[in-house]
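Trainee: Below are the structure tokens for one structure; questions will follow.
The values are calculated or read from the model by the stated rules, or taken from the named source; none is laboratory data. As the structure is a computational prediction, the values presented were derived from the model and not from experiment. Neighbour counts run over all protein chains shown; Cβ positions are idealised from the backbone, glycine included. Calculation scope for accessible area: heavy atoms of the full protein, side chains included, ligands and nucleic acids excluded. Shrake-Rupley method; radii C 1.70, N 1.55, O 1.52, S 1.80 Å.
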Amino acid sequence: QVQLVESRGGLVQPGGSLRLSCAASRSIFSMDDMAWYRQAPGKQRELVAEIISGGSTNYADSVKDRFTISRDKAKNTMYLQMNSLKPEDTAVYYCHAKIKFMNYWGQGTQVTVSS
């Protein structure tokens, strides 16, 4: 079992920045894949960014060049640095980890981008 705990999101003005963190209850060395997903009201959950065990990253086109996913293995924590935020980034953001064939999710954290 793995517990994933996201940091609190919040309200950010358009153009602003926010960093989310996801703390894992066990070593992230054991994780094949970690990712951030988001779900806006009335929409399906979508992949925002992922980081594979070897360190390679992938981003949704909508967040490329604005968001950065990273991890600190010493702290068992994954991050999502979000810059140049737009109203359309408003969603509940979820941390995800995959170990073998098991998927684990955080509880989600609300990010609202509004003036």
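Trainee: So what J values fall out for the stretch 48-59 if you push phi through Karplus, 6.51 cos²θ - 1.76 cosθ + 1.60 with θ = phi - 60°, rounded to Hz, Gly and Pro as x?
Mentor: So the Karplus estimates, Gly and Pro as x, are 9, 7, 9, 10, 8, 4, x, x, 6, 10, 9, 10 Hz.
Trainee: What accessible surface, in Å², does a 1.4 Å probe find on V48, ignoring ligands, DNA and RNA and rounding to the nearest 10?
Mentor: Roughly 0 Å² of V48 is accessible to a 1.4 Å probe.
Trainee: Could you work out the relative contact order of the chain? I mean the mean sequence separation of Cα pairs under 8 Å and 6+ apart, divided by the number of residues, in percent.
Mentor: Working: 277 pairs, mean separation 43.4, N = 115.
That works out to 38 percent.
Trainee: Based on Cβ point charges of +1 for Lys and Arg and -1 for Asp and Glu, what charge dipole magnitude is obtained for the stretch 1-61 about its Cα centre, in debye rounded to the nearest 20? Write out the running numbers ahead of the final one.
Mentor: Values: 6 positive and 6 negative charges, 57 e Å.
Dipole about the Cα centre, nearest 20: 280 debye.
Trainee: Starting at the first residue of the stretch 30-41, write each ³J(HN,Hα) from the Karplus equation 6.51 cos²θ - 1.76 cosθ + 1.60 with θ = phi - 60°, in whole Hz, x for Gly and Pro.
Mentor: Ordered by residue, 3J(HN,Hα) equals 7, 8, 6, 7, 10, 7, 10, 10, 9, 9, 8, x Hz.
Trainee: Counting Lys and Arg as +1 and Asp and Glu as -1, what is the net charge of the other residues whose Cβ lies under 14 Å from the Cβ of D89?
Mentor: Values: positive: R19, R38, K43, K64, R66, K86; negative: E46, D61, D65, E88.
Residues close to D89 contribute a combined charge of +2.
Trainee: Further, regarding this structure: As a test of understanding, state the convex hull volume per residue of the chain from its alpha carbons, in Å³. Display every interim value, and only then the final one.
Mentor: Working: hull volume 10.9 nm³, N = 115.
Measuring per residue, one finds 95 Å³ for the Cα hull of the chain.
Trainee: At a Cα cut-off below 29 Å, give the lysines reachable from K86, other chains included and same-chain residues fewer than 8 away excluded.
Mentor: Correct list for K86: K43, K64, K98.
Trainee: Something else now. So how exposed is T112, as accessible area in Å² (1.4 Å probe, rounded to 10)?
Mentor: Per-residue accessible area (T112): approximately 50 Å².
Trainee: Size of the dipole of the chain about the Cα centre, Lys and Arg at +1 and Asp and Glu at -1 on the beta carbon, nothing else charged, in debye to 20?
Mentor: Values: 14 positive and 10 negative charges, 50 e Å.
Result for the chain is approximately 240 debye, rounded to the nearest 20.
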